[in-house]
There are 2 protein chains.
Amino acid sequence: MTEPDAVPDLPWTVAAFAARTGVPPTTLRYWDDEGLLPAHRLDNGHRRYGPDDLPRLEMVRMCQGLGCTMDEVRLVLDAPDPAARARFAAEKLPEVLGRIELLRVAADVLRHVAVCEHTDATSCGAWMRSVLEPPGERPDLRAG
Amino acid sequence: MTEPDAVPDLPWTVAAFAARTGVPPTTLRYWDDEGLLPAHRLDNGHRRYGPDDLPRLEMVRMCQGLGCTMDEVRLVLDAPDPAARARFAAEKLPEVLGRIELLRVAADVLRHVAVCEHTDATSCGAWMRSVLEPPGERPDLRAG
DNA sequence: GCTTGACTTCGAGTCAACTCGAAGGTGTGC
DNA sequence: GCACACCTTCGAGTTGACTCGAAGTCAAGC
Ligand SMILES: [Zn+2]
Ligand SMILES: [Zn+2]
Ligand SMILES: [Zn+2]
Ligand SMILES: [Zn+2]
């Protein structure tokens with residue numbers, strides 16, 4: 001226990017929080033400056049993080065994974081009224097579902113490319129078809 | 001028929017191909033310069049595109065949707081031997097499957113946020129739980 | 001007191017993937 | 001011939017999200 005735990009609920013410095021979460025210290029400072037993940041401050045101005053900051057950090061990571069901009073992340077996490085947040089989520093949902101569908105097509109393509117022997121990628125009808133004809137039936141890509 | 005169809009199989013100028021595909025002319029030139037989608041050239045140096053260029057364009061779009069860098073797209077489309085391409089696809093597949101899984105979690109979260117009435121987003125256990133307790137390890141959500 | 005290491009701010013630099021602007025070539029209509 | 005639209009290249013600017021460097025502050029160990 002090298003920590004003096006002067007502030008019992010805020011055990012982590014920037015470096016410690018970075019080590020724990022995998023987010024670089026520079027990025028944590030940036031997120032604090034931008035209001036994405038506000039840090040607590042000691043009297044001397046040093047940043048401190050506590051367990052209560054972990055959920056928000058995970059939300060930031062997840063939102064990034066959705067391709068949200070930082071403005072959108074702030075909207076989700078700091079919307080003054082829940083209604084704005086709910087509206088945003090409702091608008092975002094179909095987009096996410098669409099992305100899932102596209103990724104499924106892409107996964108099929110990758111599965112075939114992994115075993116395809118065509119020299120020219122674009123000359124292989126097996127996966128060109130699935131890229132060019134998204135709606136409709138999906139032929140089995142694992143066949144040559 | 002204003003087209004003189006001097007080159008019957010290459011009917012489209014940059015602007016025409018842009019109009020047909022929705023990719024801006026500037027981007028088509030950029031993709032040509034970078035070797036992502038090489039254009040054919042007339043004797044006077046002008047770019048021309050034909051139907052044979054459509055599949056490759058769709059592949060470029062799809063790869064972008066996978067979050068591939070341009071280097072990776074070139075690797076998939078121009079790998080000197082099919083083996084390198086196949087290897088890349090095999091390595092990429094699990095990553096894509098992981099992304100699908102994460103997007104499914106995100107979709108669940110969005111579905112709840114759309115109806116949640118908590119003032120403080122991070123205080124709502126219902127979706128915090130799904131974010132913080134994913135079964136197994138978490139792949140990097142950021143595109144790549 | 002002095003060194004060491006981690007912290008602070010702020011301004012500038014980096015990166016990918018475009019996107020724009022200037023200067024000039026090309027070709028069709030009148 | 002000349003206007004005009006569209007093409008060319010090349011270099012520079014933009015955007016978002018970091019990432020770094022310099023200059024200074026703070027606390028512990030010797
Ligand atoms: Zn906190
Ligand atoms: Zn094939
Ligand atoms: Zn072609
Ligand atoms: Zn809720």
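The values are calculated or read from the model by the stated rules, or taken from the named source; none is laboratory data. Fair warning: this is a prediction, and the values are worked out from it, not measured in the lab. Note that we place each Cβ from the backbone using ideal geometry, even for glycine, and neighbour counts take in every protein chain shown.
Any chance segment A:58-75 includes a residue that's within 16 Å of ligand 2 (Cβ to nearest atom), free of Cβ contacts under 8 Å to residues at least 40 places away in the same chain and among the hydroxyl-bearing types (Ser, Thr, Tyr)? No: zero hits. Regarding segment A:114-124, can at least one residue be identified that is aliphatic (A, V, I, L, M), outside any loop (DSSP other than H, G, I, E, B) and either outside the structural domain of A:GLY65 (by TED's automatic domain parsing) or at pLDDT 85 or above (or both)? Yes - at least one qualifying residue is present in segment A:114-124.
The number of residues in segment A:89-98 that are at the interface with chain B (Cβ under 8 Å from one of its Cβ atoms) and either of a type in the set (Gly, Ala, Ser) or touching a residue at least 12 places away in the same chain (Cβ under 8 Å) (or both) comes to 4. Could you look through segment B:27-55, keep only residues that are in a helix (DSSP H, G or I) and more than 14 Å from DNA strand C (Cβ to nearest atom), and pick out the one that is surrounded by the fewest Cβ atoms within 10 Å (Cβ to Cβ)? Here the residue is B:PRO51.
Condition check for B:GLU3 on (1) assigned to a loop (DSSP other than H, G, I, E, B); (2) at pLDDT 90 or above: one failure, at (2). When B:GLY67 is tested against the conditions (1) assigned to a loop (DSSP other than H, G, I, E, B); (2) at pLDDT 85 or above, the lone failure is (2). Report yes if B:LEU97 is among the aliphatic types (A, V, I, L, M) and either more than 30 Å from B:VAL14 (Cα to Cα) or in a loop (DSSP other than H, G, I, E, B) (or both), otherwise no. Spelling it out, B:LEU97 is indeed among the aliphatic types (A, V, I, L, M) and either more than 30 Å from B:VAL14 (Cα to Cα) or in a loop (DSSP other than H, G, I, E, B) (or both).
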